[in-house]
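K.L.:
Next up is a structure, given as structure tokens.
Please treat every number below as a calculation from the coordinates, not as lab data. In this text the structure is predicted, and so the values were computed from the model without any measurement. Neighbour counts are summed over all protein chains in view; Cβ atoms, including those assigned to glycine, are modelled from backbone coordinates with ideal geometry.
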Amino acid sequence: MGIEGGYMRSESIFEYTTKGNVVVGKDWKESIVENGGVANLILGTEHFFGETQRFGIRWGIYGGYGYTQGKHNELGKISMQILSAGSIFDTITNLVSEEKIQVGFIGGLGYDFSSLMPSREIKLGFKAMPPILDKDLAITNKTYLNSLLLRLGFSTLFNKHHRFEVIAQIPFNLTLISTRFGYAEGGRNIDIGYDFYYNRIQGLLSYKYIF
């Protein structure tokens, strides 16, 4: 059982693109960078192999809360609350493995499901316009995300029970919410796309008690 917390840097990217047999309008892109913190509660188990205890694996589940702040060109200061839940699988390779202390590297993967709750919802796209459209074709930064994570760090275990760690958690897939709208106009085939990307990195300090 453990807790971890630290720094989080996130980026929200909005894009508008057009495609067709003629140039239509101009593509547009906006990026919002936010900085803040995150805290997680973790439950899991770990196992080491052999008499030397040099190599081990662990897995667990976690729930967490994050908060970031940034600035939008028109809206001014904005913030984002993030509720997360997920699972991790790590390997631990000990360089030092003594009775009272172990020191090693962490390498692992994680899955994260998050709910983004911005202070100002930002939408981009078409509103429903019957009979041309029968539903909204818009993307928003108020949404749910699925991410795969790369986890790297250092770990030290004292007296078989107290584990202290420094961990970097980096998504290796860029989260994308996208919608497209195609239509014909004056003999031209036009395809309009609206995309929202969300990316984040975390630097965490962690304490875990090993039963």
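K.L.:
How much FRET efficiency would the formula 1/(1 + (r/R0)^6) give for Lys77 and Thr18, where r is the Cβ-Cβ distance and R0 is 22 Å, rounded to 0.05? Write down the numbers at each step before the final one.
P.N.:
Details: r = 31 Å, r/R0 = 1.42.
Once rounded, the FRET efficiency stands at 0.10.
K.L.:
Using a Förster radius of 30 Å, what is the FRET efficiency between Lys100 and Ile201 based on their Cβ-Cβ separation? Nearest 0.05, please.
P.N.:
Efficiency, from the Cβ-Cβ distance: 0.35.
K.L.:
For the chain, count the residues as N, evaluate 2.2 N^0.38 Å, and divide the Cα radius of gyration by that value, please. Let's see the in-between values first.
P.N.:
Values: Rg = 22.3 Å, N = 211, 2.2 N^0.38 = 16.8 Å.
Here the answer is 1.33, to two decimals.
K.L.:
Too long at a 22 Å Cα-Cα cut-off: which of Lys19/Lys127; Lys160/Lys208; Lys77/Lys127; Lys77/Lys135; Lys142/Lys208; Lys29/Lys123?
P.N.:
Cα-Cα > 22 Å for Lys77/Lys127; Lys77/Lys135; Lys142/Lys208; rest within.
K.L.:
Under the 0.36 nm per residue contour assumption, what length would be gained going from the current alpha-carbon distance of Ala128 and Arg54 to full extension?
P.N.:
Full extension from Ala128 to Arg54 adds 20.6 nm.
K.L.:
Once you have the Cα-Cα distance between Ile177 and Phe164, take 0.36 nm times their residue separation minus that, and quote the gain in nm to one decimal.
P.N.:
Separation in residues times 0.36 nm, less the Cα-Cα distance, equals 1.0 nm.
K.L.:
What FRET efficiency comes out for Ser31 versus Thr91 if R0 is 45 angstrom and r is the Cβ-Cβ distance? Round to the nearest 0.05.
P.N.:
0.85
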